[in-house]
Every structure is written in C-alpha cells, then in structure tokens.
1. Alpha carbon centre of the range 317-366 versus the range 8-72: separation in Å?
2. Roughly how many percent of the accessible protein surface of the range 420-526 is carbon and sulfur, given a 1.4 Å probe and a whole-percent answer?
3. In the range 85-158, what percent of the accessible surface is made up of carbon and sulfur (1.4 Å probe, ligands and nucleic acids excluded)?
4. Count charges around P385 for me, please; just the other residues with Cβ under 10 Å from its Cβ, Lys/Arg as +1, Asp/Glu as -1.
5. Just the accessible area per residue of the range 518-598, please: how many Å² with a 1.4 Å probe?
6. Could you work out how far apart the two model spin labels at L354 and E480 are, taking each label as a point 7 Å from the Cα in the direction of the beta carbon, and quote it in nm?
7. If one takes the longest principal axis of the Cα atoms in the chain, at what angle in degrees, from 0 to 90 and to the nearest 10, does the Cα axis of helix 419-430 lie?
8. Could you derive backbone 3J(HN,Hα) for the range 454-467 from the dihedral phi with the Karplus parameters 6.51, -1.76 and 1.60 (θ = phi - 60°), listing whole Hz in sequence and x where the residue is Gly or Pro?
Amino acid sequence: MRFSLLGPVAALTGSADLPVGTPQQRGLLALLLLRDAPVPIDDIVDALWGERPPASARSTVRTYASRLRQALAGAGPDGPLLHRTAAGYRLDRRVATLDTVEFTSLLDRAAALRRSGDLPAAAAALRRALDLWSGPALGGVQGEFAAAQRVRLDALRRTAREQWCDLQLTLGAHETAGAELAAAVSEEPLNGRLIELWMTALHRGGRTAEALDAFRTYRSTLAGELGIEPGAEIQALHQRVLRGDPAPAAVARPSAPDELPADLPVFTGRAEETAWLGAVMSGPAPAVAGITGLGGSGKTTLAVHVAHRLRDRFPDGRLFVDLRARTGSPASPFDVLGGLLRSVSPTSPLPASLAERSALWRTTVARRRLLIVLDDAADSAQVAPLLPGVAGCAVLVTAVRRLLDLPTARWRRLGALSAAEALHLLGAIAGHDRVAREPAAAARLVGACSHQPLSVRVAAARLLDRPGWTVKRIMAQLDEDLRRPVVMHEDCKIVDAPIRRAEAGLRPLAARVFRIAALPATAERSVEDVMLMLRLSRPEARAALEDLVDAHLVEECAADLYRYPVLVQAYARRRAEEVQGPGDCRTALALLAAGPAPTTVPA
C-alpha cells in the first residue's frame, strides 16, 4: 500500500484508490501521516480548523477517524491501522510507504552521493525524487496546517530541482537541463541562481541571444521590484557571454542551509522599506541592517520577505534565528552560536566558551556568502557575538528598540502602513469585492486598526469568519470592543499583546504618562498637556514622551506635539482606569481643563 501527499492526498493499494473522504478527512490523514506519532485531539482540531473550530469539532474528528479506519480496512489485514490513543489518534503505517518519506530519503542520498563525488548517481536520485510529485503537495486539503506543510515541501522540491539542473549542466547535459530550467524560471523569476543556470544552458546550446535576453529581463525585474542590481556572479557570467567566451562549465554547489520561514502569500506595501533593505544588504560587508517597530508592525514579516527576495545573492545559506526577546527569556548567544555552527558545519566540535564559539563562527563563515536573520533581538550583548567579521555575509536584525551598541548597523523604523496599503491588505485577505462594496466603512475599519498589519489581519479574519456581516457591522463591533474596560474577544487580545509588552518595558514615570495622557478624546498630546495632567516639569514631561516614541507607543508629529495611534490610545485609556483608578483619571482631566495657573504680577 502507498500513501501520497506530493499531490492530491491519496491512499492506494495496487491500482485502486481507497476512498479517504472529504478534504477535511484527507487533512486528518495527512496530519497523522506526517506526524507518524500519537496526535492529541486538540492538535487535530487546531490543524483542521485553526483558532475558531466549530463546537462539534471533537465529535467531527471522531467521525473522520471512524471513516478512515473503515476505508483503510480495504487494504487487508496487514494494512495500516488507525489507533485511538489516550489523548488522540495514531496511524500505524506498517508495510505501507509514504511518498514524502521516500522524497526526503532520496534528497539525503543525493547529498551523500554529491559529497562522495558520484555526480551521475546524485542526479539520478534527484530525478527520482522530483518524479514523485504529481501536483501541489497536500492537494485538496485546506487550512493553515496544510498551507504550512505545502510551503515547506515545495521549498524542498524547488531546491531539488535547482540542484538537479546544476548537476545536469556539470555533467554536460545542457539540453536536458534547459527545458526544466525554462519552467523553473517562469515559476521563480527572481531566483538569480536559476537565471544563471538557464543562461549557461542557453549559451552552451548556441542560443546566446536568448541567454542575454534572459539576463536583461531578470535585471529589469529585479530593479523594478527591489531596486537592486543582480549579484556579482551572474553579472560576471553576463560579461563572459557578451564577450563570446566559451560556455562556462557549471559548478555543482554543495547543499546550503536554508532555514527561512515561508514568505507570506499576501505581502502588501513596504516598497520603500524593501528597497532600502535590499540596498543596505547588498552594500559593503559585513552588511548589518536593523528594523525596529512596535510588535504587530510586521518586522519579522518584512525581514523574511526581503530575505527571500535576496536569497540568490547568498548561495552558501540563509539562516534564521528567533532570539525570543518578547518571551521574557531571550536566547543566550552561547546556545545560538551552537545552532548556527551546526547549521553551516555539522561535523565541527563546539567550543566550551562564548568567546571561542564566536571566534570559530567568524572563522567558519569568513569565506562564505551567508544571509542571517536575527529576529526579535533583546539587546546588543545578545547580537554582537553572532555577527560575522568579514565581507561576504549580511545580517538582518529585528528588535523593538534600536540597539545602540552595534556601530556597523543601519536602522529603519517601521511604522504603520499607508491607508491605501492597509485597504489592499484587508481586501487581499477578506476579498477585494467585499471591501469595494463598502469603501467608506472599510476605510474607517483600517483607520480604527491604526493601519497596523497585525490589526488589519485580525479585522480581515473577523470578516472571513462572518461572511454574512457587513464591513460597517464589523466596524461597530470593533469600536464597542475597544471602549470596554476589559477586552473580551480573543482577537483583540492578540492586538493588545504587543502594546502590553511595550508598556511593561517602560520606566515607571513613562508608563504613568502613557496611561494618563491617553485619557482626553483627541489623539494629539503636547508637552504642556502632560505637564498639566501629571504636574511634571517640562524636562520630565518631554523625556517621558520621548521614551514613548522610542517604544513606538506614540509618534512625534511636530515640535513638542505627539500623537497616539487609535489602538494604542484605546488600550492606554483602559489601562489608566485599571491601574491609576477612576479618581486619578478624573483629577488629571480636571487639571487639563483648568489650564495653567495664572501668573501673579507684582504690584
């Protein structure tokens, strides 16, 4: 018996395709096959329905499991068995095969054969791996779990395809590689390595004009979308083709680590920031770029997006590390260096001290071109030991605040999306037609979300969950939620979480200013307002407000004038009632209304 996930989810015995049911039921089968271990029923519910399962989810899972058990019984007494465990379910595959297991085994075999120098056998193993695919992975299965697995498996497929084409050119089979490369380039037009291989195949086949045209198209697309030039290697190849040099031999590159999370299928806006980061990351090395911003502003999403766009410029690997500042227990640089060293040099022994690991890391990457994303950094002490010391590598850091003790880093503050970008994001998720039917309500909705990506995504999720509701009704419900003393909806708690973390990091005076100064209905607050409401001196009020700017909780809109984003002000007002209490809140508003005390003029 054979299970297939590299295409439509299927169970086959002989030539028969067993009836494994609806898309959701196939999703359960795929989950059990990929886990190959007991899966708790809560995990199954999360995988199939996400954060908003129906009330009947658990009983529906039991129904799916029963139907799958009956379907698999058609494989005979020695076929796979679906077991009920204490917490959930487990699928015992027994003698059945699974194409994803065969696929990854063939990739491992190909890598070992390449290391041993048997390139024809390595190419044959990669071809067998690619031939296992019959369409998009987990075909017919919906949900975030399936989407994440689909992205992961497809990334492996694309890497295998690139390696196979590379080997075919190394072995002199440029015509065989050419057809595969043409399809690959149409799928990944910004993959510089694929363009390089395709140009080589075309030039070797006497199609030099097409090779030059492929470079021109790639260069134009790269400039238009990222505002950068092609990498040095492909430009050198272009010059050789222009000169009419003999067709260069491709060099099979060893497998490089690629640890980037999947890029978002819907990425909106940030064109200016993307172009700036691309220019910094392509500049003099070691290039270090940093992104700061309030949680939910899209720092990680932007970093991953840019890293994917620049992947061809770093052929020796793309590494991603979550430094976990938001958890309150940041990752230690000692442990992070251990993981980085294992990624790029698995057989090297790990030194026992931080200084030795940092030195070995710099030595190991000295002759490599690596892209390293250090996400959610806590401070400079955590990041400094992780930085390469020579040209060739680039580092992209995300942090809530700028890390001042990294002198080589260049920083960019990530604010809200523009109104147009926020509307586009809302429509991309919830449906452009639905947003277009109520343009004014949609504009008010994204405005109430402060045009922040996380908040807009939460609002879009509400629209998706309530297909019969109007945008206006969603807007009214959100407004009601924000005015309550305590937010009840889980999605509003998600939006509140980064603001709560930022508040927790404030000094006591700045935290008090943050809460009290939010009380008036208007969003703008001057230094004089804060002086009156909290009886502070001008230096104290200005310093506290500047702390709030550094924490991305308010924005400076003019000299001594600051503005709260809508969501931040709503949160701060709720916190003022909760922490300072109604009495202090009324006193602060009365002091503001009374204005400054009159100046006494001597007689």
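The values are calculated or read from the model by the stated rules, or taken from the named source; none is laboratory data. Keep in mind that this is a model prediction, so the values were computed, not measured. Counting neighbours? That spans all protein chains shown, and the Cβs are built from the backbone with ideal geometry, glycine included. With ligands, DNA and RNA removed, areas are computed over all heavy atoms of the protein, side chains included. Shrake-Rupley method; radii C 1.70, N 1.55, O 1.52, S 1.80 Å.
1. Between the Cα centre of the range 317-366 and that of the range 8-72, the gap is 39 Å.
2. Details: 2950 of 4940 Å².
Carbon plus sulfur share of accessible area: 60 percent.
3. Numbers: 1990 of 3610 Å².
Looking at the range 85-158 in its full context, I get 55 percent from C and S.
4. +2
5. Values: 3760 Å² over 81 residues.
Per residue, the range 518-598 has 46 Å² of solvent-accessible surface.
6. Output for this residue pair reads 5.2 nm.
7. Tilt relative to the chain: about 50 degrees.
8. Each residue's phi maps through the Karplus curve to give 4, 5, 5, 5, 5, 5, 5, 5, 4, 4, 5, 6, 10, x Hz.
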